[in-house]
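Working notes, beginning with the structure itself.
Just so it is clear, none of the values below were taken in a lab; they were calculated from the coordinates. Source: prediction; values computed, not measured. No Cβ is skipped: glycine too gets one built from the backbone with ideal geometry, and neighbour counts run over all protein chains shown.
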Amino acid sequence: MSVQDLIIIGSGPAGLTAAIYSARARLKPLMIEGEEAGGQLMITTEVENYPGFEHGITGPELIAVMRKQAEKFGTEFLTRNVSKVDFSSRPFKIWVGTQEFQAKAIIISTGAKAKYLGIPSEKKYMNRGVSACATCDGAFFKDVVVGVVGGGDTAMEEANFLTRFAKKVIIIHRRDQFRASKIMAERTLNNPKIEVVWNHEVVEVLGNEKAVNALKLKSTVTGAEKNLEVEGLFLAIGHQPNTEVFQSFIELDDLKYIRTKPGSARTNIEGVFAAGDVQDHVYRQAITAAGTGCMAAMEVERWLEGQH
């Protein structure tokens, strides 16, 4: 069996940037991009904050451009999911179904997925008023009323950020107090553009064919239901990194994100690197993911040279 110099697992902006850099360095990377190739950008309509696109670009278009660039330099693609890995010895082993691949170095860039409420109507209105990223989509909600679901620091940050654009932000929280840090909770409660609906949960997203126009709320105390008029809903109940397949080998933090050495893309296993949202729960932006993809590829190149 031939051993690849590098296998990249995952195909968002981190993985694709890593592929561009490593392919240009003649490492002939194999990217196992997954069946949901492209990551979270594939469900993002308009991207206005990625440098180089003054008129904006859709998430799928941005991924397509990056993929073509990686392909141009010689990246091979396999559009399947990784079913199992063995990082206990080198070369590292990766399985796609029953097919085994081996590599001298690995970059993990499997990203993270936003946690959703799990109600059918939220999927129906995804990108038509429902969003899981205020930084990405906040500017599309100028001078309207929007709802935010959550009670942690992320929800506070998103709500405060949204007040730059929205007429009013209504936080819907299932308990009677936030679990956010005291300073973030105080900042939120003191913001005149933010209201809080305590002890309620969203049970349905309502709207017409084009967009969201209301939320059906249910009291967590009495069970009574009521409608709340909004033109957008932001979910801020956390993210889940896609690390399940690696957890027997790779060191994870308390939130199941991959731990990387400070200022680098190195994991606890020499020769295995991580980039993008799979190891970053702070910034979670396409541009920061791309930056860590570049770091990972450059570190792989140096590491492989050192091995020879």
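In table form, for the structure just shown:
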{"quantity": "Additional length obtainable on full extension of the chain from residue 86 to residue 244, 0.36 nm per residue less Cα span", "calculated": "55.6 nm"}
{"quantity": "Residues of the stretch 201-232 with amide N under 18 Å of a point placed 7 Å along Cα→Cβ from residue 176", "calculated": "201, 218-224"}
{"quantity": "Normalised contact order of the stretch 116-235, rounded percent, pairs of Cα under 8 Å and 6 or more residues apart", "calculated": "31"}
{"quantity": "Sequence ranges 71-84, 15-28, ranked by mean other-Cβ count within 10 angstrom, highest first", "calculated": "15-28, 71-84"}
{"quantity": "Residue order, fewest to most beta carbons within 10 Å, for 259, 90, 302", "calculated": "302, 259, 90"}
{"quantity": "Cα long-axis angle, helix 13-24 against the chain (0 to 90 degrees, to the nearest 10)", "calculated": "20"}
{"quantity": "Between 0 and 90°, nearest 10: helix 59-72 axis offset from the chain longest Cα axis", "calculated": "10"}
{"quantity": "Separation of the residue 50 and residue 187 label points, Cα + 7 Å toward Cβ, nm", "calculated": "2.8"}
{"quantity": "Residues 5, 280, sorted so that the one with the fewest Cβ neighbours within 10 Å comes first", "calculated": "5, 280"}
{"quantity": "The stretch 240-287 - percent relative contact order, Cα under 8 Å, separation 6 or more", "calculated": "31"}
{"quantity": "Bridge type composition, the chain - antiparallel percent by DSSP, nearest 5", "calculated": "45"}
{"quantity": "Exposure proxy ranking, count of Cβ atoms within 10 Å, fewest first, for 110, 220", "calculated": "220, 110"}
{"quantity": "Mean ellipticity per residue at 222 nm, deg cm²/dmol - from DSSP H runs of n ≥ 4 across the chain, formula -39500 (n - 2.57)", "calculated": "-7500 deg cm²/dmol"}
{"quantity": "Against the rule of thumb 2.2 N^0.38 Å, how large the Cα Rg of the stretch 121-252 comes out", "calculated": "1.10"}
{"quantity": "Residue 161/residue 211 FRET efficiency (R0 22 Å; Cβ-Cβ; nearest 0.05)", "calculated": "0.60"}
{"quantity": "Local electrostatic count, residue 146, Cβ distance below 15 Å [Lys/Arg +1, Asp/Glu -1]", "calculated": "-2"}
{"quantity": "Contact order relative to length of the chain, as percent, for alpha carbon pairs under 8 angstrom and 6 or more apart", "calculated": "21"}
